[in-house]
1. Tell me, 30, 301 in order of fewest to most beta-carbon neighbours within 10 Å?
2. Would you mind ranking 127, 245, 275, 29 by Cβ crowding within 10 Å, fewest neighbours first?
3. Which one, 202, 153, 127, is farthest towards the positive end of the dipole of region 112-213 when Lys and Arg carry +1 and Asp and Glu -1 on their Cβ?
4. Using the Cα atoms of region 91-130, I'd like the radius of gyration and the largest Cα-Cα distance, Dmax, both in angstrom.
5. Relative contact order for the chain using alpha-carbon pairs under 8 Å, separation at least 6, rounded to a whole percent?
6. Using 0.36 nm times the number of residues separating residue 39 and residue 313, minus their current alpha carbon distance, what extension gain do you get?
7. When Rg is the radius of gyration of the Cα atoms in region 25-117 and Rh is its Kirkwood radius, what does Rg/Rh come to?
8. Just grab the label-to-label distance for residue 128 and residue 224, each label 7 Å out from Cα along the Cβ direction, in nm (one decimal).
Amino acid sequence: METIYFDNNATTKVAEQVLEEMRPLFCELYGNPSSMHTFGGQIGRRIRKAREQVAALLGCEPTEIIFTSCGTESDNAAIKGALAAIPNKQKVITTRVEHPAILSTCRDLESSGYTVVELGVDKQGRLDLDELEQHLDDDTALVTIMHANNETGVMFPVEKIARLVTDKGAVFHTDAVQAVGKIPLNLSTSRIDLLSLSGHKLHAPKGVGALYVRKGTRLSSFMLGGHQESGRRAGTENVPGIVGLGKACELAAQNIEAENSRVKTLRDKLENTILESCPDCRVNGDPENRLPNTTNISFEYIEGEAILLMLDKYGICASSGSACTSGSLEPSHILRAMGVPFTAAHGSIRFSLSRYNTEDEIDYTIKKMPQIVNRLRDLSPFVAE
Ligand code: PLP
């Protein structure tokens, strides 16, 4: 049975062209870019090219890119590095729907005396910018608000937010791990100071990420050691990963508009047909401002995990809005923050597509979904007779 992969917000397949670009860096060009000899020195050129490719996708200068090991590291480096460079301010603003890479890092700051404000969202997962403005004051060092939500795909108006925040003299960071490669970005005309991305979300391998640092933004190095990345991120570079990330960014940049609209058409077909064929289900998240590849659907009266297991039997990979922690199924903090009722949050499934998905895969899945949902509801003790 072929696998149908609709879990691209969790991780993506490495593109063949990316793998080909990386291959020589393992056994042929394996030198250390910091070495004095020509063999190692030539690797530096590969890193320079990758930096240019990443910068081209983001519309920024290559010198504004720091390579890291993942999105989590980029998020940590942005928050801790920015705050260390602004020791006289003690307030950080974020949202309740961030990825744990942001939320845990921010919550940890409270033990060091920081005030952390977590903004709520409405039922559609949208922020209230007036509330943000009310919290912005002279003590605000940093605002970190994600670009696109990993579970619902809801996109926040980060350009507008960047203007509000930087007008008040605070630094603005956005976790764009789910946005980069899926929607066009142009940082040359943006007020965003810091932006995180992760290779494995855009068809590069796991173990590489990047942090955009706008020219002039003060950032203390949070990894200490050697002088790599112009002294901004110590540690011998993951050269194959960096080269792979560069190629993945080049591929994403080539076709971003066309791929977006193709993926969106597939996502909409999947979503609309499920809504029509399965009663008592609804989409979670702002339908207007959403990533083109993501849909998060709640099915009343059944557990998301049960749906996932049945999808899995048919070779279909998706994910649920619940996380199995300490033996109990906890609905996701994101759906809870949106006020999604407990039962609907429990029955939520995320389908996240990529450019490798086909219409045949969508057609197969929309045939299976009503069968799965009806079968599970027949077994459910919650469905009214
Ligand atoms: N931020 C968001 C929004 C994410 O979705 C993820 C991963 O799922 C991360 C950060 C962490 O990225 P990484 O897995 O590269 O550490």
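Read the figures in this text as sums done on the coordinates, not as results from a lab. All values derive from a computational prediction rather than experimental measurement. Don't worry about glycine lacking a Cβ; one is built from the backbone with ideal geometry, like all the others, and counts go over all protein chains shown.
1. The fewest-first ordering by Cβ neighbours comes to 30, 301.
2. In increasing order of surrounding Cβ atoms, one gets 275, 29, 127, 245.
3. The listed residue farthest towards the positive side: 202.
4. Calculated on Cα positions, Rg and Dmax stand at 10.9, 33 Å.
5. Once normalised by length, the contact order is 23 percent.
6. Gain on stretching residue 39 to residue 313: 93.6 nm.
7. Details: Rg = 18.1 Å, Rh = 16.0 Å.
Computed over Cα atoms, the ratio is 1.13.
8. Those two pseudo-labels are separated by 4.3 nm.
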